[in-house]
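Below is one structure, written out as structure tokens; the observations come after it.
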Amino acid sequence: MKLIVTDREGKVHELEALEGWRAMEVIRDYGLPIKAECGGACSCATCHVYVAEEWLGKLFPPREEEIEMLDQAFHVHDNSRLSCQILMSDALDGLHVTLAPESA
């Protein structure tokens, strides 16, 4: 399956993703610039991405802890999500996300 990622310079990357992997893990393992400081524990917001509008309805709604972390992030929009909370599946084949600007 594919995960499509637009980096902060606007370059589009088509990444191979595995079932059950977090989108953050895929992005990080391909060497794209995502901090993901907590490693997927939903205790920071350094894996913040913008989900393409057409994909928002296919994701599970954010849990309270993700919403709280996003409240502490910069440049948050209605389509903001933490990529550590997006588990790849066949239903998300072709998911398109854009890396949010870094906070520092």
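The values are calculated or read from the model by the stated rules, or taken from the named source; none is laboratory data. These numbers come from a predicted model, not from an experiment. Methodologically, a virtual Cβ is constructed for each residue, glycine included, from the backbone with ideal geometry; neighbour enumeration extends over all protein chains shown.
Note down all Cβ pairs under 7 Å where the first residue falls in the range 80-104 and is without any contact (Cβ under 8 Å) to a residue 40 or more places away in the chain, the second is basic (Lys, Arg), and they're at least six residues apart or on different chains.
Correct list of pairs: 91/58.
Residues to consider are 41, 73, 36; find the one that is at pLDDT below 95, within 12 Å of the chain's Cα centre (by Cα) and either among the aliphatic types (A, V, I, L, M) or crowded, with 17+ Cβ neighbours inside 10 Å (or both).
After ruling out the rest, the residue left standing is 36.
Have a look at 25, 66, 54 and point out the one that is modelled with pLDDT of 95 or more, exposed (fewer than 11 other Cβ atoms within 10 Å of the Cβ) and out of contact with any Pro (no Cβ under 8 Å at 6 or more places or on another chain).
54
Taking residue 12 as meeting all but one of (1) at pLDDT below 95; (2) loosely packed, with under 15 Cβ neighbours inside 10 Å, write down the number of the exception.
In the conditions (1) at pLDDT below 95; (2) loosely packed, with under 15 Cβ neighbours inside 10 Å, residue 12 misses (1) alone.
What number of residues in the range 49-67 are touching a residue at least 40 places away in the same chain (Cβ under 8 Å) and either touching a helix residue (DSSP H, G or I) at 6+ places or on another chain (Cβ under 7 Å) or among the hydroxyl-bearing types (Ser, Thr, Tyr) (or both)?
2
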